[in-house]
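Only one structure is covered here, and it is reproduced in the block below.
The values are calculated or read from the model by the stated rules, or taken from the named source; none is laboratory data. This one's a predicted model, so the numbers in the text were calculated from it and none came from an experiment. Neighbour counts are summed over all protein chains in view; Cβ atoms, including those assigned to glycine, are modelled from backbone coordinates with ideal geometry.
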Amino acid sequence: MADLRVLSIFGTRPEAIKMAPVVKALEAAPGIRSRVCVTAQHREMLDQVLELFKVTPDIDLNLMRPNQPLAQLTAQILENIDPVLADEHPDWVLIQGDTTTVMAASLAAFYRGIKVGHVEAGLRTNDKLQPFPEEINRRIASVTADLHFAPTQLSRENLLNEGILDRHIVVTGNPAIDALQMIVKLPAPAQVDAWIKEWGIAEGKRRLVLITAHRRENFGEPIEAICEALKTLALHYGDSLQLVYPVHLNPNIQGPVKRILGNVIGVTLLPPLEYLSLVHLMKASTLILTDSGGIQEEATGLGKPTLVLREKTERPEGVIAGVLKLVGTDPVKIVTETQCLLDDPKAYDTMAHAENPFGDGRAAERIVKGLLDYTN
Ligand code: UD1
Ligand code: UDP
């Protein structure tokens, strides 16, 4: 029998991190011919991941443009992926998550009658504006997909509630945990060790709070409010706290973050970090503040109390586990909840315990098996 032809398509940092273990598993699987196409919806932030995991794309569409509008990016992806699908004629297109790349690639594959496998299927907030536009992107991926790799039972139930047949859903865990387990055992880069020493984290002189924020629905006032809250915390705790914020390259984030926090003592702004460094900084942190999707999974896996800078999450498993708490973007609430965790050891201990509702590190293996076992 001819090999199953699988074309993995991804474009941004988080897709690359979660697809890297899947690509490795596809490459190692007998009976599969694995190819990789990157849209490069992200450029630098994608390349950092490709380099770390040693994934070399077969096709690189190089589509990122500065401050790209959603409609233009969608149009570019659709137009540029179609000839790739025509050339490659894969049996399956494999996509991950809820970005514009995922939505447009799933649609392009559907137009060409190519089967779609959706990794991290079934995450929902049931609010089309939160997160924006990801809730709609992942719904479009769900209606085009033939095989849904749901990370958890809850995501499987979300798909069943939308009328997707159980035999088209495979519960796999999230390959975010596969990636985390692959990386967390590697030694920290020298630069991270140097920072931890310089900031006095190792000797316990200061505690580390790690921050990331980049969501589109937080552009404008909400991101400014987050920054004001961080400034208040820096002033309040003085030199007993080190706030560290690797800033996403989106100009809508770079602008306000650098303007409000650029000169605040106790706040260190960094460029986006290579994943290995970020994982080691998460490990060294006392607390994480984030609106990221992937960091909610990783923080839960590492047992790091995390305040989620959103009103709603599609990852309630972490909230149920007790490691994540939703705080939104109201600066008073962010400051109060952070103070509560930093000043009340009991409140902190209640949240600080590692749980892995998002996976056991074997998602990639189950995804490959799901593709090979598929029957229409
Ligand atoms: C995208 C995804 C979001 C995901 C996030 C992960 C969509 C609509 N959004 O948001 O779901 O959570 O990636 O980080 O798909 N930029 C660079 N270099 C890079 C990356 C981005 O300069 O390596 C700048 C560019 O100006 C680019 C802008 O950031 O135009 C926005 O990138 P885009 O991928 O459209 O949106 P994100 O906010 O990164
Ligand atoms: N990440 C990283 N470097 C950073 C910030 C985040 O490697 O400076 C990783 C993080 O550990 C997680 C992923 O990028 O695996 C999350 O990406 P992001 O928050 O941009 O996207 P989301 O998950 O919200 O879609």
Within the group ARG156, ARG167, ARG138, which residue is within 16 Å of the chain's Cα centre (by Cα) and either small (Gly, Ala, Ser) or in a helix (DSSP H, G or I) (or both)? ARG138
Residue that is farthest from ligand 2 (Cβ to nearest atom) [pool: residues in the stretch 23-50 that are among the β-branched types (Val, Ile, Thr) and over 16 Å from GLY294 (Cα atoms)]: ILE32
Say whether the condition of being touching a strand residue (DSSP E or B) at 6+ places or on another chain (Cβ under 9 Å) and closer than 20 Å to ARG156 by Cα is met by at least one residue in the stretch 337-359. no
Residues in the stretch 59-106 that are in a helix (DSSP H, G or I), buried (at least 20 other Cβ atoms within 10 Å of the Cβ) and among the hydrophobic types (A, V, I, L, M, F, W, C) total 9
Checked THR329, THR300, THR336 against criteria (surrounded by 18 or more Cβ atoms within 10 Å (Cβ to Cβ), part of a helix (DSSP H, G or I) and more than 12 Å from ligand 2 (Cβ to nearest atom)); the one match is THR300
Could you grab the pairs with beta carbons closer than 9 Å, sequence gap of 6+ or different chains, first residue in the stretch 110-130 and farther than 23 Å from ARG366 by Cα, second one modelled with pLDDT of 95 or more and basic (Lys, Arg)? THR125/ARG310; THR125/LYS312; ASN126/LYS312; ASP127/LYS312; LYS128/ARG139; GLN130/ARG215; GLN130/ARG310; GLN130/LYS312
Specify which of the listed residues (ALA16, ALA20) is more than 13 Å from ligand 1 (Cβ to nearest atom), within 17 Å of GLY97 (Cα to Cα), crowded, with 24+ Cβ neighbours inside 10 Å and aliphatic (A, V, I, L, M). ALA20
Within the stretch 216-258, count every residue that is farther than 22 Å from SER285 by Cα, within 14 Å of ligand 2 (Cβ to nearest atom) and either over 20 Å from the mean Cα position of the chain (by Cα) or touching a residue at least 40 places away in the same chain (Cβ under 8 Å) (or both). 7
